[in-house]
């Protein structure tokens with residue numbers, strides 16, 4: 001459905017009307033990744049470790065797409081709240097040009113850099129590095145599609161169009177979920193089959209979102225002035241995201257140095273964590289759209305009410321995820337790998353995984369509030385401090401002290417706690433809530 005903007009009335013019903021369709025969109029990709037992990041995991045621990053490294057590197061494309069989507073949602077929502085839908089869609093056109101350019105560059109760079117990068121991350125395990133590089137070279141061809149789809153999600157969320165993204169994302173991921181087991185097993189392609197299925201899904205998704213812009217009947221030419229403004233917003237989100245990526249790649253590298261089983265278990269736990277994070281991000285996306293629209297309409301009081309309500313909803317959702325993950329501790333790891341060592345290592349990370357869910361629910365919700373408000377410089381600085389000052393030192397200390405996978409996940413929990421405290425302090429003030437069509 002398409003939700004009509006009423007900036008002054010930020011009710012739980014309106015939040016749900018935006019969050020539930022966003023949840024379907026957000027859940028589709030991690031569910032496919034979980035299917036992919038389960039399919040590849042039954043090939044063996046070496047293949048699962050290869051997917052962990054290759055998928056971790058390709059997640060840079062998803063991160064860049066998230067930067068584009070979040071920056072576009074906030075700007076489009078403000079213009080939409082100010083009553084200018086055409087200008088909101090035009091933000092999407094420019095974001096899509098950025099997406100296509102960056103995606104093509106990433107696909108090309110992967111052909112050159114896959115082998116040396118996976119060798120570094122594999123920590124000397126040549127078989128894991130070779131499998132990861134082979135997977136990455138193929139899967140990276142879907143990078144333009146990944147980025148186009150994320151840019152499309154961004155402007156559609158900004159104009160509160162919640163129906164079409166559901167169809168596009170679920171349709172492309174269903175295709176991939178069907179192709180993956182067929183190509184891996186009956187076709188005998190193994191890890192390569194997983195990569196081909198990824199490319200098919202991402203390319204289809206990108207084409208569908210590009211078509212959505214065409215049917216809007218707006219000018220499709222690049223707008224240099226708007227591109228520059230988007231790049232300023234994206235720059236801060238990009239730096240923030242780079243800190244995330246450095247942490248997650250370092251975590252994979254540390255896990256690889258403990259053992260192949262530890263890396264495989266880290267892949268299972270991390271993908272489940274990503275699934276929970278993206279599902280909780282549905283509340284954040286509602287926050288981006290609603291807070292952006294209320295500030296675009298000049299209603300700062302409604303924006304503060306929305307922030308408080310969204311934070312509470314995020315916390316409740318986080319508690320629900322924590323209970324569900326705790327209940328599945330003895331079942332979920334076995335769905336992804338038959339290897340007893342991998343399952344045992346997954347249980348080492350599990351208590352930390354469960355404990356951080358309620359905290360993460362509030363953190364992700366408040367992330368959405370500040371992104372919708374355009375307060376991206378503060379978020380950039382906070383993430384740099386939390387990542388470089390706490391997360392990275394914690395996981396490399398875990399390696400130095402031989403604390404195992406539990407030490408890596410303890411570091412991730414510290415990262416969430418630091419961000420939670422800083423975000424709560426920020427939203428209690430008024431510096432983030434600046435009214436106007438564009439911040």
Segment 281-307, residues that are farther than 14 Å from residue 18 by Cβ and either under 20 Å from the mean Cα position of the chain (by Cα) or in contact (Cβ under 8 Å) with a residue 60 or more places away in the chain (or both): 295, 296, 297, 298, 299, 300, 302, 303, 304, 305, 307
Hey, residue 173 crowded, with 23+ Cβ neighbours inside 10 Å and more than 26 Å from residue 234 (Cα to Cα) or not: yes
statement: Residue hits (segment 217-242; more than 20 Å from residue 147 (Cβ to Cβ) and part of a helix (DSSP H, G or I)) are 225
- request: Filter segment 1-32 for residues that are buried (at least 22 other Cβ atoms within 10 Å of the Cβ), within 29 Å of residue 263 (Cα to Cα) and at pLDDT 75 or above and give the result.
  value: 25
field: Selection within segment 178-198 - surrounded by fewer than 19 Cβ atoms within 10 Å (Cβ to Cβ) and either under 18 Å from residue 86 (Cβ atoms) or under 23 Å from the mean Cα position of the chain (by Cα) (or both)
entry: 178
message: Condition first: without any contact (Cβ under 8 Å) to a residue 40 or more places away in the chain, out of contact with any helix residue (DSSP H, G or I) (no Cβ under 6 Å at 6 or more places or on another chain) and assigned to a helix (DSSP H, G or I). Now tell me which residues in segment 386-428 satisfy that.
response: 389, 393, 397, 400, 421, 425
statement: Exactly one of 410, 394, 435, 386 is within 22 Å of residue 70 (Cβ to Cβ) and within 23 Å of the chain's Cα centre (by Cα), and that one is 386
- request: Identify the residue in segment 42-60 that is under 11 Å from residue 194 (Cβ atoms) and more than 17 Å from the chain's Cα centre (by Cα) and, among all such residues, is surrounded by the fewest Cβ atoms within 10 Å (Cβ to Cβ).
  value: 43
query: Given 246, 262, which one is assigned to a helix (DSSP H, G or I) and buried (at least 19 other Cβ atoms within 10 Å of the Cβ)?
result: 262
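Can we say residue 201 is in a helix (DSSP H, G or I), within 25 Å of residue 46 (Cα to Cα), at pLDDT below 90 and within 20 Å of the chain's Cα centre (by Cα)? Explain how you work it out, then say what you get.
Working: in a helix (DSSP H, G or I): yes; within 25 Å of residue 46 (Cα to Cα): yes; at pLDDT below 90: no; within 20 Å of the chain's Cα centre (by Cα): yes.
So residue 201 does not fit the description; no.
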- request: Check 111, 94 and return the single one that is modelled with pLDDT of 90 or more, surrounded by 24 or more Cβ atoms within 10 Å (Cβ to Cβ) and over 20 Å from the mean Cα position of the chain (by Cα).
  value: 94
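The values are calculated or read from the model by the stated rules, or taken from the named source; none is laboratory data. For clarity, every value in this text was computed on a predicted model and none was experimentally measured. Neighbour counts run over all protein chains shown; Cβ positions are idealised from the backbone, glycine included.
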